[in-house]
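Bear in mind that the values in this text are calculations on the coordinates, not laboratory data. None of these values were measured; they are calculated from a predicted model. Here Cβ is always computed from backbone atoms with ideal geometry, including for glycine, and neighbour counts include all displayed protein chains.
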Amino acid sequence: MARGLSRAQLGVTDAMLATFGEAVFRMSHNLQVREGDPIRRLDWPEIDRQREAMGLADGQIAARIGLTREQVMFIRNYEESRRFKTGQTAYLLDLGGGRRYRQERVIPLEQRPGYSEDALRLRAALRFDPERARLYAERGWWADDTLTGWIAKHAAESGGDVAVIFANEKISWRDLQDRSLKFAEGLHRAGVARGDVVAVQLPNTLEFIVAFLGICRLGAVMCTLHMPYRGAEIEALMRHSRARLAVCLPASKELFGGSGRTFEELDCDTPLSRDVPGPVAADPFLLLYTSGTTASPKGVPLNYHTMLSNARLGVPEHRLTAADRVLSAAPFTHLFGLYALHCAWSGGAASVLLPAFKPDDLALVVEKQRPTALWTAPAHIAACRAMGLFDKHDWSSLRLSIMSGSACPPQLVKFFAEKAKNCAVTQLWGMTEMQAGLYTRPGDAPEVHANTAGRPSPGTEIRIVENELQVRGCLLFPGYFDNEEANAAAFTADGWFRTGDLAAIDAAGNVAITGRSKDVINRGGVKFNPRDVEDLLAVHPKILMAAIVPMPDPVLGEKACLFAVTKENQNVSLEELVQYLLEKQIAKNKLPERLVVVPEMPLTPTRKIIKGRLKIPS
Amino acid sequence: MDAQAAKRQIAEYCRKRGALAVGVAELAACERIAPPGHRPSDLFARVKSVISIGVGGQTQGAWQLPAKAMAYSGSTETRAYGIAYGLAFHLEQAFGAPSVYVPPDLDPEGGPRVPLQSLKLHAELAGIGARSLAGDILLHPEFGFMYYASVFTELELPADAPLAENPCPAPSCVAMYRQIGKTPCMKFCPAQCLSGEIDAQGSQKLMRYDMAACAEFTQEYEAVPKILAEAVQDEVRTRGAEGLLDPDRKMLWYKVSAGSGAWFAQCFECMRVCPIATQAPQADPILRNKKT
């Protein structure tokens, strides 16, 4: 309408809008040009000459091009609405208060970075109970912790102090920050954006740390892949995680197809621009996978709130300080290894690096670099004990050891405590879903360290229901990524996480892990689900049925034992089956290490194998 | 009372109430320059004089505000309107001359970008402001950036002449233009809606103002209907939303938008960097106070 008249009454057609829109818009006040200063000078010839350039009123335009005034009103308003974008005032929000417009700094709103669909999908998985979230925030457990923020703080406050010790190299906090910013820029140039997942398959090297921090600075999410993983596992996890690319060793690049990049390929000479926004504590930064791989990947999305609150609250419990040097024998691809980094970075302690565990190497690094805190699995200590390394090397620098990853024999704890005289040998129980749930504290009685996994970490609640340990707290993940079936099984109706571990609690509140209800094998702290191996064996030409169960091992805790029913009394050897699985690109740590041929399997009515009835011959 | 004495008395009335500048525009010039429908006589048929009042703009502190706050803390136009409103009554009571406070509002026939009257034209012809390179925003050599209001009266008053000199561009702006081809207002305009030329004598040669680009940045009058249209999954450019955006209804949206506080009247960035607006002798309220 214009002056109350409808478009039909005005006679404005689409053809008229298309024909005169441009002319009306340009002749109107929307574009104004003035030569000299004619009005102030009352220069009438110039005023008349420039009248159109200075912008005509609707009636003047109407008379000029042969439309009614009302038609011009309608056309001009239509054109203004059609052309003017809304939301442009957003550009002004960065101006004033000492900041001025700089053309070269302006990025059009539509070109400003956002989250990809994959990133939003992952972020959507971070759905916590709002009441619990409020509680954690109010209590200060969830704060604005990010690894980027922690490293920046150390770089600012003690930038010259040592952050990483790797072989003969010592890296300061400032240097670590610089390197991570350059790697972040490299990722940025490779097309990685906020919220994207980046897979990392690297040993415990400086490159891992720089890559991790670079990914975090960019606001991306790291998905670790254990070093033994090969074709089948890599393909499944890359697909499920929707990883944009993978950072890997040169020798492994081909395993990732076109997605693999070496650290050197991504490293960059210039740091990431400060204009690229950093992460906040609510952002996801880790996507880790539990034992399930090809069968049914259970991706665990973790944000800074959960992981870093757990580390920050844990540091004083472990009595760690900035003067400590933390060494992890556990791989950084495992959350227990990452916990060593998180605690070190929370407290400002230096990290001592051991690229990959070998008993001799661990002993040598401890002797040479003199770490004060050691993150280790029972299997590591057992291996060192078997080689007599505690008597051959100096372990006296240690004043804290945290053992975790698998069931810890009491005699092993006692042995280690005897050998490392000034070291508090503690136990920790954790899961990928929560990091550090229980631990003993320095100062606890030796029996507590030897026989229990200790008490809940700050901010953690536990309960035992039908012998099963259940957990909730500020450390707990919100649910598996893209796996509703697993989520339905993992949480109780009232929001507790069902760990699948069996436990008992004593009067002092110390928890002993008594067994495991989950069907996974824990080989030296690395848990895996053997279903994909079983699936491959099931199609072997000589095998009729196959089932893999854990068998006790004094060093690794557990190994895989294969029960098999062969076809028509065919002979089959363990070596033959191992070779077959290697050809199928199964990781070595998942290979069966014993074969038991049985005439038949115990089966349920629906013909599922009842693994609990498979007895390993002595 | 003779016309000159009446004019002095009117100026005194305004200054006592906070006006920095008062002038009388030549009616015939207003009538000749303003387009039909927007001439003083189109609003007030028996008008004899056009009185223009200018009040000081921002405080010095206000220039330091973030852009999002300038539109609220930086505007003093209501003060000018208040003086003009009172002056209209005063003219009737003191001189018996029917008078009207000129509504500083928009012409509902023309949509939200067409004013009823050009207060700028009145002030320029009354000699209390000159057009700048910053989109013709008026500047005064003594008072810098001002807000204006007008009164039409049947009282016949002697007209003032426009300013003899235009303070824009300031010498520092000319120097900058000579170096980079832009004055500060051109360089720092976030919509890049300003361009122009300065001649060899340091005077304005050409002023180009893309008002559409400026308005797009600072006057989201269509925000509400566009949001509504987007909310119902319609395209603004189709007939479905057209009814929300026709000139008559857009005035409603203008009122709603203005009332909601969700838009900027102007962004002030060109004035923030203008040495005349911020540093003219009487533009700075702190310095103004010291001089008095």
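See the values below:
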quantity: Label-point gap, in nm, between A:Ala251 and A:Glu265 - each point 7 angstrom along Cα→Cβ; calculated: 1.8 nm
quantity: Whether the range A:23-109 is rounded, prolate or oblate, judged on the alpha carbon gyration tensor where a/c under 1.5 counts as rounded; calculated: oblate
quantity: Cross-link pairs beyond the 18 Å C-alpha cut-off, checked among B:Lys7/B:Lys120; A:Lys298/A:Lys584; A:Lys590/A:Lys615; A:Lys588/A:Lys611; A:Lys527/A:Lys615; A:Lys392/A:Lys421; calculated: B:Lys7/B:Lys120; A:Lys298/A:Lys584; A:Lys590/A:Lys615; A:Lys588/A:Lys611; A:Lys527/A:Lys615
quantity: Projected label distance in nm at A:Arg463 and A:Arg139, using a 7 Å step from Cα toward the beta-carbon; calculated: 1.5 nm
quantity: ³J(HN,Hα), Karplus 6.51/-1.76/1.60, whole Hz, each residue of the range A:47-60, x for Gly, Pro; calculated: 4, 5, 5, 8, 3, 5, 5, 7, x, 9, 6, 4, x, 5
quantity: Difference of contour (0.36 nm per residue) and Cα-Cα distance, A:Arg594 to A:Ala489; calculated: 34.7 nm
quantity: Sequence-separation-based contact order of the range B:125-211, relative, with Cα cut under 8 Å and 6+ spacing, percent; calculated: 31 percent
quantity: Cβ-Cβ FRET estimate between A:Arg370 and A:Glu157, R0 fixed at 22 Å, reported to 0.05; calculated: 0.35
quantity: The protein assembly as shown - Rg (one decimal) and Dmax (whole number), Cα, Å; calculated: 39.1, 131
quantity: Approximate spin-label separation B:Met1-B:Ala45, in nm, with each point projected 7 Å along Cα-to-Cβ; calculated: 2.8 nm
quantity: Value at 222 nm in deg cm²/dmol, rounded to 500, when DSSP H runs of n ≥ 4 in chain A each add -39,500 (n - 2.57); calculated: -10000 deg cm²/dmol
quantity: Rg/Rg_globular for the range A:308-370, with Rg_globular taken as 2.2 N^0.38 Å and Rg from C-alpha atoms; calculated: 1.10
quantity: Placed amide H near A:Tyr439: partners under 5 Å, 5+ positions off or other chain; calculated: A:Trp429, A:Arg455, A:Ser457
quantity: Inter-chain Cβ neighbour average for residues B:173-181, partner chain, 10 Å; calculated: 0
quantity: Relative contact order of chain B, defined on C-alpha pairs under 8 angstrom at six or more residues apart (%); calculated: 21 percent
quantity: Assigned charges on the beta-carbon of Lys, Arg, Asp, Glu; the protein assembly as shown dipole about Cα centre (debye); calculated: 1020 debye
quantity: Dimensions in Å of the range B:107-157 - Rg and Dmax from alpha carbons; calculated: 12.8, 37
quantity: Between 0 and 90°, nearest 10: helix A:304-318 axis offset from chain A longest Cα axis; calculated: 40 degrees
quantity: Chain A: angle of helix A:69-83 to the longest principal axis, Cα-based, in degrees nearest 10; calculated: 20 degrees
quantity: In order through the range A:415-428: 3J(HN,Hα) via Karplus (6.51 cos²θ - 1.76 cosθ + 1.60), integer Hz, x for Gly, Pro; calculated: 4, 5, 4, 6, 6, 9, 4, 9, 9, 7, 8, 10, 10, 9
quantity: Sites B:Lys255 and A:Ala8 - FRET efficiency at Förster radius 22 Å, r taken between beta-carbons, to 0.05; calculated: 0.25
quantity: Amide proton proximity set for A:Asn303, modelled H, under 5 Å, gap of 5+; calculated: A:Phe285
quantity: The range B:10-83: radius of gyration and largest Cα-Cα distance (Dmax), Å; calculated: 15.9, 45
quantity: On Cα atoms only, tilt of A:574-583 relative to the major axis of chain A in degrees; calculated: 10 degrees
quantity: In Hz, Karplus ³J(HN,Hα) per residue of the range B:120-126 (6.51, -1.76, 1.60; θ = phi - 60°; x = Gly, Pro); calculated: 5, 5, 4, 5, 5, 5, 7
quantity: Orphan Cys of chain B, criterion: no other Cys C-beta under 4.7 Å; calculated: B:Cys14, B:Cys30, B:Cys168, B:Cys173, B:Cys189, B:Cys267, B:Cys274
quantity: Peptide-level mean, for B:208-215, of C-beta atoms on other protein chains within 10 Å; calculated: 6
quantity: Centre separation in Å (Cα based) which lies between the range A:219-274 and the range A:109-184; calculated: 19 Å
quantity: Calculated FRET value between A:Arg51 and B:Gln201, using beta carbons and R₀ = 25 Å, to 0.05; calculated: 0.50
quantity: Percent of beta bridges antiparallel (DSSP, chain A, rounded to nearest 5); calculated: 60 percent
quantity: Convex hull projection area averaged over all views, the range A:474-618, Cα basis, nm²; calculated: 12.3 nm²
quantity: The range A:195-236 - percent relative contact order, Cα under 8 Å, separation 6 or more; calculated: 49 percent
